[in-house]
Amino acid sequence: MTKAFETLPDGTLKVRSSGFSPPGCHPQGCGLFLHVKDGKVVKVEGDPDHIITDGRLCPRCLSLPEFIYNKDRITTPMKRDIRDRGKDKWTPCTWDEAMDTIVEWVLKIREESGPEYICTFQGTGRDVNMYHAPMAYGAIGTPNAASTLAGESCWGPRFCVSNFLLGGGYPEMDYSAYFPERFDDPNYSLPDYLVIWGKNPIYSNADGLFGHGTVDLMKRGTKLIVIDPRLTWLASRAEFHLQVRPGTDSALGLALLNVVMEEELYDKDFVKKWTYGFDDLRERAAEYPPEKAEEICWVPADKIRNAARAIASGKPTSWAWGQAIDGQLTGVQAGHCMIALAAICNNLDVPGGLTIPPKQGLWQEWLIRCMNSMPAEVWNKQIIDPVHIGYKQRHHSHPDSMLDAMETGEPYRFRIAWHMGTNPLACTGVQHKRWEAVFKKLEFNVVQDCVMTPSAMSFADLFLPVSSFAERDSVVLPHYGLNSCFVGAINKAIDLGCKSDMEIALMIGKRLNPELFPWESEKAFWDEFLMNELGITFDELNEVGAKQYPYTYKKYEKGLMRDDGRPGFNTPTGKVELKSSLYPDWNEDSLPYFKEPYLSPFGIDPETAEKYPIILTTGGRNIEFFHSEGRQIPSLRNLKPWPRVTIHPETAAKYGIEEGDWVCIENMLAQCIQKARLSYEVTPQLIHAEHGWWYPEQEGEAPNLYGTYKSNINMLIPHHVVGVMGWGSPYRGVICRIRKVDGLDDYDPDYPYEEFDVDPNYSLDKMALRRLAAKKEKGGVA
Ligand SMILES: Nc1nc2c(c(=O)[nH]1)N[C@H]1C(S)=C(S)[C@@H](COP(=O)(O)OP(=O)(O)OC[C@H]3O[C@@H](n4cnc5c(=O)[nH]c(N)nc54)[C@H](O)[C@@H]3O)O[C@H]1N2
Ligand SMILES: Nc1nc2c(c(=O)[nH]1)N[C@H]1C(S)=C(S)[C@@H](COP(=O)(O)OP(=O)(O)OC[C@H]3O[C@@H](n4cnc5c(=O)[nH]c(N)nc54)[C@H](O)[C@@H]3O)O[C@H]1N2
Ligand SMILES: [Mo]
């Protein structure tokens, strides 16, 4: 029954809830009211009393009724004969039939081949990610839970580097989100500076950081230092904008360290007591004076010097680091620099600095139980290139290695896949046609989504329709429990017959491993965990809407970070590891370094560089869309009808391109078509293209697949350009060229004219090397 917070005079129920997914978003948990009239959600309104979001909402939440009742929304499970893949020939089925079909397949494959022959895939941090890995490990029993995200270039690199160097969680800028009195809390101090590095939080609200927290700080006087190749809204308001060349952030980070260390601007006390490896890092940073960084990063040396001095002068300086760090070859190293800078300037776990999470077990404990349920010999079959030892700390299979394994059938030939909240042909990974080919080779694919997508149309045999956040009881946990300032209640307002991801997890879990999935409902699951964590029930959380976690600063002084209860950080040395004591065992340099991005004008051979004189960066977020979502929502699509490539006016003039012209973007891998947007936001050498585009209004059946390959920028980005530990792929920087074309369909189906393989001497995984060798032997076919 719908639980109303208030009933309006015309009978409309106001249901209090928190925004999450679907439709997609990261877990900020924006406080809102759903207006329900005659059983239908008719309007969404911000909750002005929400402790963090104060009633502020983005257009995606406001358009929720258009999403819920969209003509493309699917509310019944559907199946399709394998011979009809790519065709719009679906038959509705019941939830029981759908679940039984999945269980039958799982049991069959487990018996005939082994559980590892089943793989599961997720997309970004939506609700389903909390259940994806437990389902894979605990219910299906496969070690192959993965994403198609090349080099797992999102979140993984940042939170793993935090684990390795700091010993836990995900450090986040301190905007007083833990305190009921917020900015008035006497324990809180405003940061003097906020460094925003490879992030655009007011558009992205990434991972649980409410982006307007940055504006809240700015209004109170915090000054910004923005590290971004684009002149973003935030950069235009910054005291320093370091307009870095894409992919060179670790060189810039080392130069910032160089200045702070050489000029002795760091906190000597903190360094002495709480850090490990200072002298070695100082020696490494000495190799990167600002003048050298200027040559590499294209940021003037003086600007680097002054920004470093400003960073060190902040009492404190806060930091927000974004996905652009993950999407580059030496991104782990750039993250290392960020943590080192924050540490030596004493910005960690101090008021207004970087928050380090209090211990938050919640669903992690369940995940570990599910992981432990799998025998070691099954774990050992997980697909990770043996080269990436560090990556094993992350429990997922490695995406690039998964693609190789699926293409070659080595070490074994996958048979079925389950895709939960991911649209791999339109968005997630790179080189999408390779992924389409491997999924089409499988015997059975399940897709769990809300609408028909190019991916589901291409290869799904069973489609499971997922309920929106207005249709389920749940909670939202910013930063997925790795730095949650609060827990928000999601309150069911309506029912259309869909199931939530958690309900699906429970239905499958109960059938395959009831011991690990004992809960009767989503609500019962959260009851247990909320009780453990915050001592409240789900209904009690609903009463208050959101509940903050308590927070203690300087936990490392108080023995609150380590399992043994001793002061210090939860690392092997008990200190912040400026030099990693773990990396040498993983064949990784224990200190940060810079390596030239392979597909940059300087990483590739000069001949190719000349052919493709422009640097392409992709993926800066639009507020209207969440990745590949929202293209069928009229009010959102009206705001951004076409994919746009941003070009500097001088560069556009050089190629005879005007505002609104269709432009073909191409390199040695592929081509795609977007509309020109001329702006000084980018430098003349750089263009920025949008990702995740497809056209729900176009023909869905193959080969068109809603036009997904017409504007797909990810086809220009290669797999296997990853760092030693397996992280980082060039989503944020590859070379290309541009030219004006006549329209969206003015692409050449035969392009590229020559085959392109990633240079085996560069940074390849061993698996990829083997694949390339086999391909050569067979005369071109992998
Ligand atoms: N509306 C909306 N919100 C989203 C998403 C969405 O699709 N739509 N996606 C979600 C997801 S999965 C994620 S991971 C987050 C990401 O959110 P953020 O981490 O905030 O990343 P972006 O918003 O892409 O911003 C990255 C910034 O990095 C800049 N940049 C590009 N290349 C480089 C580089 O080499 N170095 C540096 N220093 N900067 C660079 C870009 O110009 C851009 O302004 O957003 C989430 N939120
Ligand atoms: N060029 C370029 N490509 C990028 C990026 C970039 O910056 N540049 N960013 C990359 C990043 S950081 C990421 S994380 C990936 C993200 O990649 P994905 O997360 O795979 O993104 P989507 O393509 O939107 O696919 C998500 C699908 O899940 C469905 N969905 C939404 N909410 C839910 C839900 O709650 N449950 C379920 N079951 N389904 C749901 C949506 O309808 C959609 O079809 O994309 C990457 N792709
Ligand atoms: Mo992401």
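The values are calculated or read from the model by the stated rules, or taken from the named source; none is laboratory data. Just so it is clear, the model here is predicted, and its values are computed rather than measured. Every residue, glycine among them, receives a Cβ derived from its backbone with ideal geometry; neighbour counts consider all protein chains shown.
The condition (being surrounded by fewer than 24 Cβ atoms within 10 Å (Cβ to Cβ) and within 16 Å of ligand 3 (Cβ to nearest atom)) is satisfied by just one residue among SER153, SER204: SER204. For the range 95-104, the criterion of a residue being assigned by TED's automatic domain parsing to the domain that holds GLU377, within 16 Å of ligand 3 (Cβ to nearest atom), in contact (Cβ under 8 Å) with a residue 24 or more places away in the chain and surrounded by 18 or more Cβ atoms within 10 Å (Cβ to Cβ) is satisfied by no position. Among the numbered conditions (1) buried (at least 23 other Cβ atoms within 10 Å of the Cβ); (2) touching a residue at least 60 places away in the same chain (Cβ under 8 Å); (3) over 19 Å from LYS79 (Cα atoms), the only one that LEU516 does not meet is (1). Screening the range 146-226 for helices (runs of 4 or more DSSP H) wholly inside it with 3 or more residues that are touching a helix residue (DSSP H, G or I) at 6+ places or on another chain (Cβ under 6 Å) returns the ranges 156-166. Just so you know, in the range 227-264 the residues that are of a type in the set (D, E, K, R), within 16 Å of ligand 1 (Cβ to nearest atom) and part of a helix (DSSP H, G or I) include one that is surrounded by the fewest Cβ atoms within 10 Å (Cβ to Cβ), and it is ARG237. In the range 147-160, the residues that are aromatic (Phe, Trp, Tyr) form Cβ pairs under 7 Å with partners that are more than 11 Å from ligand 3 (Cβ to nearest atom), at six or more places apart or across chains, as follows: PHE159/TYR170; PHE159/LEU482. Residues in the range 580-590: is at least one outside any loop (DSSP other than H, G, I, E, B), under 24 Å from SER711 (Cβ atoms) and without any contact (Cβ under 8 Å) to a residue 40 or more places away in the chain? No; the residues of the range 580-590 include none that is outside any loop (DSSP other than H, G, I, E, B), under 24 Å from SER711 (Cβ atoms) and without any contact (Cβ under 8 Å) to a residue 40 or more places away in the chain. Among residues of the range 723-745 that are modelled with pLDDT under 95 and hydroxyl-bearing (Ser, Thr, Tyr), those with a Cβ under 8 angstrom from a residue that is assigned to a strand (DSSP E or B) and within 16 Å of ligand 1 (Cβ to nearest atom), sequence gap 6+ or separate chain, pair up as TYR731/THR618. Here LYS303, LYS272, LYS315 are screened, and the one residue that is part of a helix (DSSP H, G or I), away from ligand 2 (no atom under 16 Å from the Cβ) and more than 17 Å from ILE227 (Cβ to Cβ) is LYS272. Taken as a whole, the condition of being among the aliphatic types (A, V, I, L, M) and out of contact with any helix residue (DSSP H, G or I) (no Cβ under 8 Å at 6 or more places or on another chain) applies to VAL350. Residue count for the range 318-352 satisfying the condition of being among the β-branched types (Val, Ile, Thr) and within 16 Å of ligand 2 (Cβ to nearest atom): 2. Among the residues examined, ALA437 qualifies as small (Gly, Ala, Ser), surrounded by fewer than 21 Cβ atoms within 10 Å (Cβ to Cβ) and within 30 Å of TYR709 (Cα to Cα). The single condition among (1) buried (at least 18 other Cβ atoms within 10 Å of the Cβ); (2) within 30 Å of TYR193 (Cβ to Cβ) that LYS359 does not meet is (1). Of all residues in the range 211-227, none satisfies being among the aliphatic types (A, V, I, L, M) and under 30 Å from SER397 (Cα atoms).
Would you point out the residue of the range 120-169, among those that are in contact with a strand residue (DSSP E or B) (Cβ under 6 Å, 6 or more places away or on another chain) and small (Gly, Ala, Ser), that is nearest to ligand 1 (Cβ to nearest atom)? Applying the filter and picking the extreme gives SER147.
Checking the stated criteria, TYR69 turns out to be within 16 Å of ligand 2 (Cβ to nearest atom), farther than 14 Å from ASP461 by Cα and of a type in the set (Ser, Thr, Tyr). Across the range 298-331, the number of residues qualifying as aliphatic (A, V, I, L, M) and within 16 Å of ligand 3 (Cβ to nearest atom) comes to 3.
Yes/no per residue for (1) within 20 Å of the chain's Cα centre (by Cα); (2) in contact (Cβ under 8 Å) with a residue 60 or more places away in the chain; (3) within 16 Å of ligand 1 (Cβ to nearest atom):
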site: ALA301; (1), (2), (3): no, no, no
site: GLY314; (1), (2), (3): no, yes, no
site: GLY322; (1), (2), (3): yes, yes, yes
site: VAL332; (1), (2), (3): yes, yes, yes
site: ALA343; (1), (2), (3): no, yes, no
site: ALA376; (1), (2), (3): no, no, no
site: GLN393; (1), (2), (3): yes, yes, no
site: MET402; (1), (2), (3): yes, yes, no
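Condition check for ASP127 on (1) modelled with pLDDT of 95 or more; (2) outside the structural domain of CYS337 (by TED's automatic domain parsing): one failure, at (1). Here ALA773 fulfils each of the conditions (1) surrounded by 15 or more Cβ atoms within 10 Å (Cβ to Cβ); (2) out of contact with any strand residue (DSSP E or B) (no Cβ under 7 Å at 6 or more places or on another chain); (3) of a type in the set (A, V, I, L, M) apart from (1). For the range 148-188, a residue qualifies if it is in contact with a Leu (Cβ under 8 Å, 6 or more places away or on another chain), within 15 Å of ligand 2 (Cβ to nearest atom) and hydrophobic (A, V, I, L, M, F, W, C), and exactly one does: PHE159.
Scanning the range 371-380 for residues that are under 15 Å from ALA146 (Cα atoms) and surrounded by 17 or more Cβ atoms within 10 Å (Cβ to Cβ) yields a single hit, MET371. Being in contact with a helix residue (DSSP H, G or I) (Cβ under 6 Å, 6 or more places away or on another chain) and in a helix (DSSP H, G or I) is a property that TRP363 has.
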